[in-house]
Amino acid sequence: MVESYDVVVVGAGTAGAYTAYNLAKMGFKVAFMDSKSGEKVGVKTCGDALGKHHVDRMSKFLTPNPKIFVNDIKGVEVFSPDMGTKYIVKGEGYMLDRFNWGKWLVKEAINAGATFYEGHTATAPLVENGFVVGVKASDGGTRKEFRAKVVVDASGSVGAVRTKLPDSWPISERLHPEDASHAYREVFYIDGSVEKPEYIKIYLDQTISPGGYWWVFPYSGDFLNVGLGVWGILKVNPSANYKKYLEPRYKIARKVHVGGGFIPTRRPLKSLVGNGIVAVGDAAAAVNPLHGGGIGQALLTGELASKAISRAFGLGRFDVDALWGYNLDYMREWGHRQAQLDVIRLMLQTLDNDDLNFGLSRKLLTEEDVLDISSRGVSLSIVDKMRVALQFIGRPGFLMKLYNAMQYAKKIGDLYLEYPQNLGGLERWHEKALEAYNEYRQRIGLGPMPA
């Protein structure tokens, strides 16, 4: 059986459903599919938090149902391992009813004119004459072909379509274990209530969550999302650590959901586009490398990819250069900051609890600095601040790591703002990026970039 569309979207999570919605609203014939049924498509394992600025941007195209926002968030509380220091970083956001958020997005895409194929798993891309021209899929019994001018890989962290393309395609880049975090979380009601449910809470502790953090994200005072993430290269089972360290902290009245998964926490992919294909959301590694949040980036990539695909239809071409504007838009709007935050992530993953306690207690970076880095990126003023700290504060080994992180975050972020204008300049640019990363990694005691 062969189905033909303008665009086929593989995956109906936030990125996939939002891309399908945008393209259908533009008048294109769109199909989107998911291996889950329509009833289960909203079931995802994540922190369920979303910044207000992402919602404000989304509302220009699609206004969310306010019932999906179950708790208004005022900011983040960040705790040191010894619990002696607490940062309060202001920033408005929401806790989502993630299940109904997912179902709502799928419904909006269908209402806009997209055709939804539930229970369909994409098994391989269709490649002809150097172009992706569709995907092979199965609904559990029937094998089908979906043909399209453009395929959107929104399949989640596995990148089920793009990673099956030839190695010579930059978009096919595979994730190394170092590029991922493994997470486990449980959603439950408790007897009693947490303090300040209007703040999500992040706890740094290399014993409980090595290379990551553990969290408490309240939907309300007595309804919590609690979990942890660990660095992918470590032989640590996040579920086991959860059971050992976190579950005993709560008097659980009723569990609602449990689950785990892996999250791409890394710099941007080498390219988000190929001939006849783009990647969005987790499939594009479009995630905040520091905290693993990806719902906002899923919305952003869905918007930017839709615009790039529309431009390609206007040109009547679907080659990599016709879609390249998506790369440029992404690197300008988020990719350069993603690269900066990835540099900081690598440094944090080399620290022990003593380093973290020292750095947080001395407020080497203030709450305002943290907010500025997360919202606007690393500036020269922050680099200069670290340079001064080196001269006057003890623990020089730790401070040198922090200084190098800020210095190279600025340098590498600027490099991503110089992302090439077309495929022809990609290899030379990528060599410069790898050189800068390897210089930095050597300075903080890590080996060269994994192959």
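Read-outs: derived from the displayed coordinates by stated rules, not from any lab. Keep in mind that this is a model prediction, so the values were computed, not measured. So basically every Cβ, Gly included, is an ideal-geometry build from the backbone, and we count neighbours across all protein chains shown.
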Spatially proximal aspartates and glutamates relative to K411 (Cα-Cα < 15 Å; intrachain offsets below 8 disregarded): D342, D384, E431, E435, E439
Sorted by Cβ density within 10 Å, fewest first, the residues D97, D139, D153: D139, D97, D153
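List M331, M83, M26 from most exposed to least, where exposure is judged by having the fewest other Cβ atoms within 10 Å.
Values: M331 22, M83 10, M26 17.
Ordered by Cβ neighbours within 10 Å, fewest first: M83, M26, M331.
Quick one: if you take sqrt(5λ) for each eigenvalue of the C-alpha gyration tensor of the range 168-301, what semi-axes come out, biggest first, whole angstrom?
Values: eigenvalues 198, 56, 26 Å².
Value: 31, 17, 11 Å, ordered largest first.
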Taking S59, S80 and counting other C-beta atoms within 10 Å, the order from fewest to most: S59, S80
Net charge over other residues, Cβ less than 9 angstrom from the Cβ of P170 (K, R count +1; D, E count -1): -1
Those lysines that a straight Cα-Cα span of less than 21 Å connects to K44, excepting residues fewer than 8 apart in one chain: K36, K52, K67, K103, K107, K201, K243, K255
Mean Kyte hydropathy of -0.5 or more with a Cα span along the axis of at least 15 Å, helices from DSSP in the chain: 14-25, 98-112, 295-315, 336-348, 380-392, 396-416
Where trypsin sites (Lys or Arg not before Pro) in DSSP loops with at most 11 other Cβ within 10 Å are excluded, longest remaining stretch of the chain: 61-173
Alpha-carbon radius of gyration plus Dmax, which is the widest Cα pair, for the chain in Å: 21.7, 71
Antiparallel DSSP beta bridges within the chain, as percent of all bridges there, nearest 5: 70 percent
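To the nearest 0.05, what FRET efficiency results for D354 and Y189 with a Förster distance of 25 Å applied to their C-beta separation? Walk me through the intermediate numbers first.
Numbers: r = 36 Å, r/R0 = 1.46.
Taking R0 as 25 Å, the efficiency between D354 and Y189 is 0.10.
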